[in-house]
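The values are calculated or read from the model by the stated rules, or taken from the named source; none is laboratory data. Just so it is clear, the structure is predicted and the values come from calculations on it, not from any experiment. We place every Cβ from the backbone using ideal geometry, glycine too, and count neighbours over all the protein chains shown. Accessible surface areas use protein heavy atoms only, side chains included; no ligands, DNA or RNA. Shrake-Rupley method; radii C 1.70, N 1.55, O 1.52, S 1.80 Å.
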Amino acid sequence: MEDLALNRRTEYGVRLCLVLADGWPEDRVKARELSRAADVSPGFAAQVLGALVRAGLVVSYAGPHGGYELARDPAGVSLLEAIQALTGDLVSTRCMLWGGRCVPENPCAIHDAWHAAQEAFVTSLADTDLATLARNRRHAVRPASVALEARAPTLAGAPTGVPAAADRR
């Protein structure tokens with residue numbers, strides 16, 4: 001079975017948001033420091049941050065005291081909002097059995113179960129705020145297997161990231 005997973009861009013966007021949530025409201029984070037703390041290459045971080053700024057979740061400031069910060073209190077920003085800023089709507093309208101657009105008036109055998117599962121997924125993400133996730137992230141220890149995987153070469157020159165601070169000690 002394949003994992004239910006976000007695309008790399010969205011995964012990195014969530015990481016960047018959590019770093020910003022961790023220092024909110026005191027810290028405005030410089031781009032290089034932010035990309036290092038989120039374990040995202042600076043170039044890719046800039047692209048993702050641009051999308052988060054356009055979505056209104058992140059504010060960027062130019063100049064010597066510039067950097068990035070969340071646009072509002074992370075306790076009021078859901079994980080769903082951060083994900084949708086980068087991926088769009090998470091609910092599929094495609095019929096799993098018949099293809100094409102799902103027609104609720106003439107549902108397939110899977111329709112009701114699939115719709116309920118999608119709604120539960122979206123509700124769970126909507127009920128999870130960035131402040132809570134940032135707090136949980138502070139106490140999490142990165143498993144050695146994940147740290148090794150992050151250092152492995154990737155296809156097509158995709159960013160491999162920088163080891164987390166705990167891994168460099």
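Observations, loosely collected:
- Taking the numbered list (1) closer than 18 Å to THR132 by Cβ; (2) touching a residue at least 40 places away in the same chain (Cβ under 8 Å) in turn, ARG15 passes all entries but (2).
- Those residues of the stretch 1-22 which are of a type in the set (D, E, K, R), at pLDDT 80 or above and surrounded by fewer than 18 Cβ atoms within 10 Å (Cβ to Cβ), in sequence order: ARG8, ARG9, GLU11
- Of all the criteria given as (1) modelled with pLDDT of 80 or more; (2) surrounded by 11 or more Cβ atoms within 10 Å (Cβ to Cβ); (3) closer than 16 Å to TYR12 by Cα; (4) out of contact with any helix residue (DSSP H, G or I) (no Cβ under 6 Å at 6 or more places or on another chain), the one not satisfied by ALA164 is (1).
- Only residues that are surrounded by 14 or more Cβ atoms within 10 Å (Cβ to Cβ) and in contact (Cβ under 8 Å) with a residue 24 or more places away in the chain were counted across the stretch 57-69, and they come to 5.
- Just so you know, in the stretch 70-100 the residues that are in contact with a Gly (Cβ under 8 Å, 6 or more places away or on another chain) and open to solvent by less than 40 Å² (accessible area, probe 1.4 Å) include one that is nearest to CYS17 (Cα to Cα), and it is ALA82.
- The single condition from (1) modelled with pLDDT under 95; (2) touching a helix residue (DSSP H, G or I) at 6+ places or on another chain (Cβ under 9 Å) that SER78 fails is (1).
- Every listed requirement among (1) in contact with a Leu (Cβ under 6 Å, 6 or more places away or on another chain); (2) open to solvent by 60 Å² or more (accessible area, probe 1.4 Å) is met by ARG54 save one, (1).
- Identity of the residue in the stretch 23-32, surrounded by 17 or more Cβ atoms within 10 Å (Cβ to Cβ) and under 17 Å from ALA45 (Cα atoms), that ends up nearest to the chain's Cα centre (by Cα): VAL29
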